[in-house]
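Report on one structure; see the data block that follows.
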């Protein structure tokens, strides 16, 4: 399980933060798809890569800031709620999604019309979520079978679930010194609560050349703050005494903190002087994350009423996301109608994970000195693929002051059609710190957005509603069918999980 914890801290999206390695890593730092930002940006489905002239384009196409001709301040907040709620945890959360401004400088030159400086805080991922994934028909399968396989191959350490299970006899040991699972599961119950967000802080320099060519550069800094509590409870009968319940539970409390940085280069070009049609191009460098995970976990035997736990463990690691390419086309029709269609490509199979050298074998290494986890990165390459994100947005102005908006956003799944769920015995340093066995395969994302806006001379207010639909297959553990000590010839079936989410947001802005 070396791999599970590490990745499990890193990638999760709203409802998937405890996944193993590749699965969770993708879900945490994969920002392709969901849309956050100003209410105008959200209302148009995030499709403003060619239209520009909105503060939130600072992170999508930096050249969009170059289209602003006045200084501007904007503040965006709202609420988000999920389809599922767990126990007494409320499913509605207030959220601060954006806060920033642009300082516009008009120039007297013949070619360069404006130079703009911008700063923006914008949420990139919202981790506030709760969900349940109960499997009431295990058919003899057990989480401890996976743990036993790891113990058989020497993957038990002082900081992972395997070591805790071995030291507290959740597994049986034969005369040859091999460990076997003593449970035959009937049902399990899994709940997860997550908090936090992935926040982006962007600094922009952009310009306008004769109202035909717009350029922009954004330096981005990300801050990751994530916490997850998970409860796994398994009901089973001991094979030797079927009348005696052999129930146990596993509790995990994980926290991840860290930072990342990237750069974005963008342009918007209006090729025909008397035609408003324009196209945009953006290149975003990989984001380099330096993260630290701390985990506390506890196994409880509900038959003998015994609780056992390991000392809190810490692990520092890095993740490098893929390059991103964005293309956009858009135009206006008179003074009443505007449209934009954008496309983004990001190949998540090349996502890499590693460890700072100063934490492994180089006490004098810097935060930029890194040792890649080859086994984990190969696993990522075999399971993930490129994501294609298509956005379309429309804006109609029935009056000069009032705007009506509609948007749609579609992003393909980052997982291959037949990913390798067999993640046992991965020769990864992260396995030494793995405390969970769950993982989730997240499907394609669809978002429908709509919004309204009203503008005065020096101020404006926008509102938007977003419905995001996404399905996922959740597995609380992995049990291959060919293990000789398995109690069942059947593979564990996925629990179908609905990650549908609703959000309302409002922006108050000022221009001067």
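The values are calculated or read from the model by the stated rules, or taken from the named source; none is laboratory data. Note that the structure is a prediction, hence the values are computed from the model and not measured. Positions of Cβ are generated from backbone atoms using ideal geometry, with glycine treated the same way; all protein chains shown enter the neighbour counts.
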#### Entry: Within the range 50-80, considering residues that are touching a helix residue (DSSP H, G or I) at 6+ places or on another chain (Cβ under 7 Å) and touching a residue at least 24 places away in the same chain (Cβ under 8 Å), the one surrounded by the most Cβ atoms within 10 Å (Cβ to Cβ)
65
### Query
When residue 321 is evaluated against the numbered criteria (1) surrounded by 18 or more Cβ atoms within 10 Å (Cβ to Cβ); (2) in contact with a strand residue (DSSP E or B) (Cβ under 6 Å, 6 or more places away or on another chain); (3) farther than 19 Å from residue 64 by Cβ, which criterion, by number, is the only one it fails?
(2)
#### Entry: All strands (runs of 3 or more DSSP E) inside the range 151-263 with 2 or more residues being touching a helix residue (DSSP H, G or I) at 6+ places or on another chain (Cβ under 7 Å) and either within 30 Å of residue 283 (Cβ to Cβ) or modelled with pLDDT of 90 or more (or both)
185-209, 213-236
### Task
For residue 322, work out the one condition from (1) part of a strand (DSSP E or B); (2) touching a helix residue (DSSP H, G or I) at 6+ places or on another chain (Cβ under 7 Å) it doesn't fulfil.
(1)
### Scope the range 430-457; condition modelled with pLDDT under 95, surrounded by fewer than 21 Cβ atoms within 10 Å (Cβ to Cβ) and not in a strand (DSSP E or B); matching residues
457
### Summary
Going through the range 324-354 in order, the residues found to be surrounded by 20 or more Cβ atoms within 10 Å (Cβ to Cβ) and touching a residue at least 60 places away in the same chain (Cβ under 8 Å) are 324, 326, 328, 330, 338, 340, 342, 344, 346, 348, 351, 353
### Query
For the range 335-406, which strands (runs of 3 or more DSSP E) that fit wholly inside it have 2 or more residues that are modelled with pLDDT of 95 or more and either under 26 Å from residue 426 (Cα atoms) or in contact with a strand residue (DSSP E or B) (Cβ under 6 Å, 6 or more places away or on another chain) (or both)?
337-347, 386-396
### Query
Taking the condition at pLDDT 80 or above, over 29 Å from residue 474 (Cα atoms), part of a loop (DSSP other than H, G, I, E, B) and in contact with a helix residue (DSSP H, G or I) (Cβ under 7 Å, 6 or more places away or on another chain), does residue 37 pass?
yes
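So that you can scan it fast, the table gives a plain yes or no per residue for (1) in a strand (DSSP E or B); (2) closer than 24 Å to residue 196 by Cα; (3) modelled with pLDDT of 90 or more:
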site	(1), (2), (3)
105	yes, no, yes
110	no, no, no
115	yes, no, yes
118	yes, no, yes
123	yes, yes, yes
131	yes, yes, no
138	no, no, no
144	no, no, no
